[in-house]
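Note sheet for the following structure.
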Amino acid sequence: MSDKIELLEKISSRLDAIEKLPKLKDNTISQAMDESGISRRDFMKWAGAMTAMLGLSSAFAPVVARAAELADRIPVIWLHMAECTGCSESLVRTDAPTIESLIFDYISLEYHETLMAASGWQAEENLESAIEKYKGQYILMVEGGIPSDEYFLTIGPHGHTGAANARKASDNAAAIFAIGTCSSFGGIQAANPNPTKAKPLHEITNKPVINVPGCPPNDKNIVGNVLNYILFGTLPALDNYNRPKWAYGRRIHDLCERRGHFDAGEFVQSFGDEGAKQGYCLFKVGCKGPYTFNNCSQERFNHHVAWPIGAGHGCIGCSEPDFWDKMGPFEKPLTDRLYQSVFKGLGADATADKIGVGILALTGVAIVLHATIATLKKGEK
Ligand code: FSX
Ligand code: SF4
Ligand code: F3S
């Protein structure tokens with residue numbers, strides 16, 4: 001039997017078992033799509049695109065669609081720590097529902113502070129009863145950096161700390177996702193001087209955490225992780241920063257729509273100049289796409305129409321550890337120093353393909369050199 005058929009059979013029997021679990025929602029995803037004017041054909045097209053995004057062959061599209069239809073069987077607890085709520089907004093703030101936002105609506109969100117009606121005692125009880133009722137079965141998603149100093153971020157009538165809530169919810173979860181750069185790496189809360197001693201989720205719990213960074217992360221990356229868990233029930237292939245390789249395996253620069261201009265030495269020199277009007281490369285006005293691992297250039301935001309570089313500003317490296325401190329100034333290239341040692345001595349390039357810091361430093365030099373030489377050559381023409 002080929003590996004593909006064997007895997008498909010394994011997934012199908014996992015989905016059969018999940019289907020037997022109680023439905024946690026009254027409606028079905030098909031009803032929700034009907035109400036929003038999304039056809040079955042659109043849904044299957046979407047499933048095909050998600051299949052490709054997850055790095056699976058098209059033969060897996062029907063099981064990906066089925067996993068989405070079974071998303072209501074898996075309870076989800078979503079905790080907020082110190083953040084701007086942009087990660088939740090990435091999913092819920094749309095002018096017309098996307099299939100991702102419908103699925104987010106359809107998964108059984110047992111607890112989500114921004115979206116639920118409960119507050120105070122009732123909210124605290126809801127969290128405790130959801131953890132108890134679905135012990136060992138729920139997906140935990142945590143958004144935000146976690147202040148480690150007990151004085152900051154106390155929540156609810158008992159005054160539990162965010163760190164204590166996150167730890168307790170992690171202890172009993174079936175799978176744990178750090179949603180956004182704050183939860184994955186500390187984010188803006190942990191930026192120098194880090195007054196609340198904010199930490200990433202993986203430093204608060206000793207259970208395995210899958211990081212889904214981005215400030216905010218793409219809605220497809222959040223939903224893709226839920227689907228991946230339903231399909232496989234195991235950790236996906238991860239890079240050195242525990243980011244799923246299917247989403248964070250390539251640099252922004254690798255598939256950027258302005259890459260041809262980079263190679264040709266055509267750079268925007270200042271915002272609003274002729275090069276900017278021509279859609280030239282943004283490296284010289286600070287784009288950090290060459291150092292950033294994420295799939296924004298393919299997946300984009302807002303119904304797949306927009307993303308930072310498409311809108312005319314460079315990538316600021318928002319899915320990399322410590323980017324607030326290490327990627328700045330955001331509108332200048334990193335020409336004053338070699339790009340290295342972003343996080344605990346590792347460089348961003350040490351992630352997906354395990355290139356060492358030495359080579360990374362060379363990469364930084366090579367990129368700056370390319371930009372300089374290409375511009376000089378351009379001037380000679
Ligand atoms: Fe905000 Fe989420 Fe940035 Fe952080 O996103 S978009 S500050 S990653 O935790 O709300
Ligand atoms: Fe795109 Fe930035 Fe790379 Fe230029 S430097 S090609 S704008 S990712
Ligand atoms: Fe962030 Fe860069 Fe994507 S700034 S949203 S990783 S293009």
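Of all the residues that make up the stretch 305-338, how many are without any contact (Cβ under 8 Å) to a residue 60 or more places away in the chain, within 15 Å of ligand 1 (Cβ to nearest atom) and in contact with a helix residue (DSSP H, G or I) (Cβ under 8 Å, 6 or more places away or on another chain)?
Summing the residues that are without any contact (Cβ under 8 Å) to a residue 60 or more places away in the chain, within 15 Å of ligand 1 (Cβ to nearest atom) and in contact with a helix residue (DSSP H, G or I) (Cβ under 8 Å, 6 or more places away or on another chain) in the stretch 305-338 gives 5.
Quick grid of which residues meet (1) modelled with pLDDT of 95 or more; (2) under 25 Å from the mean Cα position of the chain (by Cα); (3) buried (at least 19 other Cβ atoms within 10 Å of the Cβ):
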position	(1), (2), (3)
Lys25	no, no, no
Glu35	no, no, no
Asp42	no, yes, no
Ala61	yes, yes, yes
Val64	yes, yes, yes
Arg73	no, yes, yes
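Looking only at the stretch 18-32, count how many residues are out of contact with any helix residue (DSSP H, G or I) (no Cβ under 6 Å at 6 or more places or on another chain), closer than 18 Å to Thr98 by Cβ and not in a loop (DSSP other than H, G, I, E, B).
2
Based on this model, can you work out whether Leu15 counts as in a loop (DSSP other than H, G, I, E, B) and more than 30 Å from Asn165 (Cβ to Cβ)? Break it down stepwise before answering.
Working: in a loop (DSSP other than H, G, I, E, B): no; more than 30 Å from Asn165 (Cβ to Cβ): yes.
Here the answer is no, as Leu15 does not meet what is asked.
So the check is Cβ under 7 Å with 6+ separation or different chains; which pairs have a first residue in the stretch 173-193 that's closer than 21 Å to Tyr134 by Cα and assigned by TED's automatic domain parsing to the domain that holds Gly224 and a second one that's more than 16 Å from ligand 2 (Cβ to nearest atom) and of a type in the set (Phe, Trp, Tyr)?
Listed pairs, sorted by first residue: Ala173/Tyr138; Ala174/Tyr138; Ala175/Tyr229.
For a quick check of your reading of the model, give me the residue pairs whose first member lies in the stretch 287-304 and is more than 8 Å from ligand 3 (Cβ to nearest atom), whose second is of a type in the set (Lys, Arg) and part of a loop (DSSP other than H, G, I, E, B), with beta-carbon atoms closer than 8 Å and at least 6 apart or on different chains.
Phe293/Arg243; Phe293/Arg250; Asn295/Arg250
Give the residues of the stretch 232-259 that are assigned to a helix (DSSP H, G or I), away from ligand 2 (no atom under 16 Å from the Cβ) and crowded, with 23+ Cβ neighbours inside 10 Å, sorted by residue number.
Ala247
Could you list all residues from the stretch 292-309 that are surrounded by 16 or more Cβ atoms within 10 Å (Cβ to Cβ) and either more than 10 Å from ligand 2 (Cβ to nearest atom) or in a strand (DSSP E or B) (or both)? Break it down into steps so the answer makes sense when it comes.
Narrowing the stretch 292-309 to residues surrounded by 16 or more Cβ atoms within 10 Å (Cβ to Cβ): 292-301, 307-309.
Phe293, Asn294, Asn295, Gln298, Glu299, Arg300, Phe301, Trp307 - these are the residues of the stretch 292-309 that are surrounded by 16 or more Cβ atoms within 10 Å (Cβ to Cβ) and either more than 10 Å from ligand 2 (Cβ to nearest atom) or in a strand (DSSP E or B) (or both).
Residues Gly120, Gly144: which one is over 26 Å from Ala47 (Cα atoms) and in contact (Cβ under 8 Å) with a residue 60 or more places away in the chain?
Values: Gly120 fails: in contact (Cβ under 8 Å) with a residue 60 or more places away in the chain.
Of Gly120, Gly144, the one residue that is over 26 Å from Ala47 (Cα atoms) and in contact (Cβ under 8 Å) with a residue 60 or more places away in the chain is Gly144.
Condition test on Thr234, is it under 23 Å from Asp72 (Cα atoms) and assigned by TED's automatic domain parsing to the domain that holds Leu56?
Numbers: under 23 Å from Asp72 (Cα atoms): yes; assigned by TED's automatic domain parsing to the domain that holds Leu56: yes.
The answer is yes for Thr234.
In the stretch 38-75, what residues are under 23 Å from Leu109 (Cβ atoms) and not aliphatic (A, V, I, L, M)?
Within the stretch 38-75, the first condition is being under 23 Å from Leu109 (Cβ atoms), and the residues that meet it are 38, 43, 46-47, 50, 53-54, 64-75.
Listed by number, the residues that qualify are Phe43, Trp46, Arg66, Glu69, Asp72, Arg73, Pro75.
Residue-wise test of (1) surrounded by fewer than 23 Cβ atoms within 10 Å (Cβ to Cβ); (2) within 16 Å of ligand 2 (Cβ to nearest atom); (3) of a type in the set (Ser, Thr, Tyr).
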{"residue": "Asn172", "(1), (2), (3)": "yes, no, no"}
{"residue": "Thr181", "(1), (2), (3)": "no, no, yes"}
{"residue": "Ser184", "(1), (2), (3)": "no, no, yes"}
{"residue": "Gly187", "(1), (2), (3)": "no, no, no"}
{"residue": "Thr196", "(1), (2), (3)": "yes, no, yes"}
{"residue": "Leu201", "(1), (2), (3)": "no, no, no"}
{"residue": "Val209", "(1), (2), (3)": "no, no, no"}
{"residue": "Val212", "(1), (2), (3)": "no, no, no"}
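Please name all residue pairs, on different chains or six or more residues apart, with Cβ atoms under 6 Å, provided the first residue is in the stretch 76-93 and is more than 7 Å from ligand 1 (Cβ to nearest atom) and aliphatic (A, V, I, L, M) and the second residue is assigned to a loop (DSSP other than H, G, I, E, B) and modelled with pLDDT under 90.
Val76/Ile107
Of all residues in the stretch 112-138, how many are among the hydrophobic types (A, V, I, L, M, F, W, C) and modelled with pLDDT of 95 or more? Step through it out loud before you land on a result.
Looking only at the stretch 112-138, we keep the residues that are among the hydrophobic types (A, V, I, L, M, F, W, C), and these are 115-118, 121, 123, 127, 130-131.
Next, only the ones that are modelled with pLDDT of 95 or more stay: 131.
Going through the stretch 112-138 one residue at a time, the tally reaches 1.
If you scan the stretch 72-104, which residues turn out to be among the acidic types (Asp, Glu) and more than 24 Å from Ser184 (Cβ to Cβ)? Before you say what the answer is, go through the steps one by one.
From the stretch 72-104, those among the acidic types (Asp, Glu) are 72, 83, 89, 95, 100; that's our starting set.
Of everything in the stretch 72-104, those that are among the acidic types (Asp, Glu) and more than 24 Å from Ser184 (Cβ to Cβ) turn out to be Asp72, Asp95.
Report, by residue number, each residue of the stretch 273-291 that is assigned to a helix (DSSP H, G or I) and within 27 Å of the chain's Cα centre (by Cα). Spell out how you get there, then give the answer.
Narrowing the stretch 273-291 to residues assigned to a helix (DSSP H, G or I): 274-277, 283-285, 289-291.
Scanning the stretch 273-291 gives Phe283, Lys284, Val285, Gly289, Pro290, Tyr291.
The values are calculated or read from the model by the stated rules, or taken from the named source; none is laboratory data. Since we're looking at a predicted model, the values are computed, not measured. Using ideal geometry, Cβ is built from the backbone for each residue, glycine included, and neighbour counts are taken over all protein chains shown.
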